[in-house]
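Notes to accompany the following structure.
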Amino acid sequence: MRDLEDPTQSGNANCSQVEIRQATEDDAAAILALHQESINDQNLSKELGDAGLDVPADLQHFSGTYIGSIHNRFWVAAVTEQLATASAQELTSRVHDRVIGMVGVVATKTDVAEMRRLRVTPNFRRQGIAARLLRAALAHCRDQGFLKVLLDARLEQTAAVQLFEREGFQFSRNRESAGLQIREFYLDLYGSD
């Protein structure tokens with residue numbers, strides 16, 4: 001979740017030009033690519049691959065996990081791009097949505113949800129996109145009547161941790177997973193706005 005860590009990165013879209021929407025089956029390949037980009041960006045490929053975590057089960061079975069579920073949902077942040085293609089006969093242009101961020105919610109118990117896969121591609125970080133994704137997911141959790149939301153971040157993800165704390169998440173504990181130091185957080189939704 002290093003979405004917000006590098007202040008030298010600047011995006012090439014205004015945050016207001018970014019649409020936050022529910023993911024569709026058509027987004028599955030872009031979501032998997034964004035996940036892989038995050039793994040590569042953080043030089044974790046070998047460690048996660050050795051631990052058997054290169055493609056998480058929820059992304060391997062994206063449609064079954066997130067599409068059509070009442071409680072589980074997935075959102076993407078997308079920007080619209082003009083793609084120009086040249087053929088022998090003519091130059092054509094078409095509009096294309098590019099997925100630049102994502103987050104998912106999975107019900108782990110009747111009243112508890114886990115937030116997963118919060119990511120923003122490097123060129124679009126530090127623009128509030130991760131916060132917008134997080135808020136969309138939290139709104140869904142409130143609508144579904146979840147009482148608690150869980151999430152985690154690697155120890156070095158200081159900007160992500162700051163975002164979670166700004167949104168009211170509380171630190172729970174540190175743990176180790178696949179050789180990585182993980183910080184766990186929770187947000188109690190009962191009694192909150």
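If you filter region 126-148 down to residues that are outside any helix (DSSP H, G or I) and out of contact with any Phe, Trp or Tyr (no Cβ under 7 Å at 6 or more places or on another chain), you find that the one that is surrounded by the fewest Cβ atoms within 10 Å (Cβ to Cβ) is Gly145.
Of Gln162, Gln181, all but one fail to be loosely packed, with under 13 Cβ neighbours inside 10 Å, part of a helix (DSSP H, G or I) and polar (S, T, N, Q); the exception is Gln162. Anything in region 105-137 that is small (Gly, Ala, Ser) and more than 12 Å from the chain's Cα centre (by Cα)? List them, or say none. Within region 105-137, Ala107, Ala113, Gly128 meet the criteria. Pairing each residue of region 29-52 that is surrounded by 12 or more Cβ atoms within 10 Å (Cβ to Cβ) and at pLDDT 80 or above with any residue that is in a helix (DSSP H, G or I) and of a type in the set (A, V, I, L, M), provided the two are 6+ apart or on different chains, yields C-beta distances under 9 Å for Ile31/Leu59; Leu32/Leu59; His35/Leu59.
Quick check on region 157-169. Is at least one of its residues of a type in the set (D, E, K, R) and in contact with an Asp or Glu (Cβ under 6 Å, 6 or more places away or on another chain)? No, that holds for no residue. Considered as a group, the residues in region 87-116 that are touching a Ser or Thr at 6+ places or on another chain (Cβ under 9 Å) and at pLDDT 95 or above include one that is nearest to Phe164 (Cα to Cα), and that residue is Glu114.
The values are calculated or read from the model by the stated rules, or taken from the named source; none is laboratory data. Please read all numbers here as calculations on a predicted model, not as lab measurements. Quick reminder, even Gly has a Cβ in these numbers, built from the backbone with ideal geometry, and neighbours come from all protein chains shown.
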